[in-house]
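Following: one structure in structure tokens, then a few remarks.
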Amino acid sequence: MRRLAPWQWLFLLLALYVALVEGFRLWLGLVWAERVALLLLALTLWAFINGRFVFAYYHALLTSWRTKDLPLLEGPRLGEHLLLLAPHPDDEVLAAAGLIRRTQEAGGRVSVVYLTSGDAFDLAAGTPLPSREAMRRLALRRMVEARRGMEALGVGREALYFLGFPDQGLLALFTTHYYLPYESPYTGLRAVAYPGCYRMGLPYTGKALEEALLALLRELKPTRILLPSPLDAHRDHQAAAYFGMQAAAALGLEGRLLYYLIHGGYQYPLPKGFHPRLPLYPPPRGRGLPWRRFPLAPEEVAWKEKAIRAHRSQMRLLGRFLLAFVRRNELFSPLPIPAQLPPEEEGWAVLEGGEVF
């Protein structure tokens, strides 16, 4: 979430006031039948988003139809070392809590690398206009929540690596600030400063982040690497994909990459809220990807819920979104983008005469 300036908050409050006044005035001007119809429309929309009433059966049929033919993901192998790149604390449990738990139970190793500590979510700091100090405290709190969530899955603190780079700034680090240090508008920091981070004092540059990832990959030697898909709607997730793919390619580890997608399109996943008996279906933004389905046992679903609920600062505001990922399966893709794209998406210009430039 982008930080709003004070004048933007004022404009937002004024717009909300005008909308409420105008809405009340229009409501008074409606006849009783129109009021009933409007209420029914609002109830229908709420029921659709949350999977209530007849829409519970609709979502059950639709999600089952979308996932029934997906091939299964190969489970953890003997000696598996799973490494997960998480742009923010909570992405790791949303995407792969079940796979993490299964890997641990199979005797494998799990490591999680957090690129940021989530220090750019204004409302999670407890006020619409938090100070920079409050945002830094939020980062420390989210690091604690991440540790608690992973402990619920059996992963110890020694396997968690917090890099401490700026939330909402990863794409800038990959582009305009690869060499030039970036200053976070949320915390005022220009270098890694949170206690417990992997390397304190690293400047906020893409080069420093890439070197930290390379060092960790060389040190940990994972057999499977989970990272966000570049198709994710969140810019930090896109940048995490770019950094991860670039580091893996530099070490010849491209064949070990597996991708997940969190921000997969408007209102994904539906229905919102806690629906553990429904399957998780492929996201709209991931259309065309060769998805692999990883079924979860009932006890693994319960562990995933517990790990997600450990992120209390996020549950307070985004609980229904987070719990919507507690499903009967998880989804991963071996490719970052579809194997075949339409010509216009590949940068080609196709003329009417059939010539391609």
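With +1 on the Cβ of every Lys and Arg and -1 on the Cβ of every Asp and Glu, and nothing else charged, how large is the dipole of the range 42-157 about its Cα centre, in debye rounded to the nearest 20?
Value, rounded to 20: 180 debye.
Beyond 14 Å, what share of the Cα-Cα pairs of the range 178-246 remains, rounded to the nearest whole percent?
67 percent
With the radius of gyration and the Kirkwood radius both derived from the Cα set of the range 189-329, what is their ratio Rg to Rh?
Details: Rg = 17.1 Å, Rh = 17.1 Å.
Expressed as Rg/Rh, it is 0.99.
Probe radius 1.4 Å, ligands and nucleic acids ignored: give me the carbon and sulfur share of the accessible area of the range 142-248 as a rounded percent.
55 percent
Can you bin the chain into rounded, prolate or oblate? Criterion: square roots of the alpha carbon gyration tensor eigenvalues sorted a ≥ b ≥ c, rounded for a/c under 1.5, prolate for a/b above b/c, oblate for the rest.
Note, shape of the chain comes out rounded.
Based on the alpha-carbon gyration tensor of the range 66-176 and its eigenvalue square roots a ≥ b ≥ c, which shape applies: rounded if a/c is under 1.5, prolate if not and a/b is larger than b/c, or oblate?
It is prolate, given that a/c is not under 1.5 and a/b is the larger ratio.
Can you bin the range 1-107 into rounded, prolate or oblate? Criterion: square roots of the alpha carbon gyration tensor eigenvalues sorted a ≥ b ≥ c, rounded for a/c under 1.5, prolate for a/b above b/c, oblate for the rest.
In terms of gyration-tensor shape, oblate.
When ligands, DNA and RNA are left out and all protein chains stay put, how many square angstrom of accessible area per residue does the chain have with a 1.4 Å probe? Show your work: numbers first, answer last.
On the way: 17670 Å² over 357 residues.
Heavy-atom accessible area per residue stands at 49 Å².
What order do ASP69, ASP167 take when sorted by accessible area (1.4 Å probe), most exposed first?
The most accessible residue leads, giving ASP69, ASP167.
Hey, with R₀ at 41 Å, roughly what FRET efficiency would TRP7 and LEU78 work out to, going by the Cβ-Cβ distance, to 0.05?
That pair, TRP7 with LEU78, gives E of 0.10.
Kindly report, to the nearest 10 Å², the accessible surface of MET200 as traced by a 1.4 Å probe over protein heavy atoms only.
Its accessible surface works out to 110 Å², give or take rounding.
Within 10 Å of each candidate Cβ there may be at most 13 other Cβ atoms; applying that plus a DSSP loop requirement, which GluC sites (Glu not before Pro) in the range 46-122 survive? Mind dumping the intermediate values first?
Values: sites: GLU74, GLU80, GLU92, GLU105; in loops: GLU74, GLU80.
Sparse-neighbourhood loop GluC sites (Glu not before Pro): GLU74.
Take the solvent-accessible surface of the protein heavy atoms, probe 1.4 Å, and return the percent of it on the range 19-138 that carbon and sulfur atoms account for.
67 percent
The values are calculated or read from the model by the stated rules, or taken from the named source; none is laboratory data. This is a predicted model, so every value here is computed, not measured. Positions of Cβ are generated from backbone atoms using ideal geometry, with glycine treated the same way; all protein chains shown enter the neighbour counts. Side chains included, ligands, DNA and RNA excluded: accessible areas come from the protein's heavy atoms. Shrake-Rupley method; radii C 1.70, N 1.55, O 1.52, S 1.80 Å.
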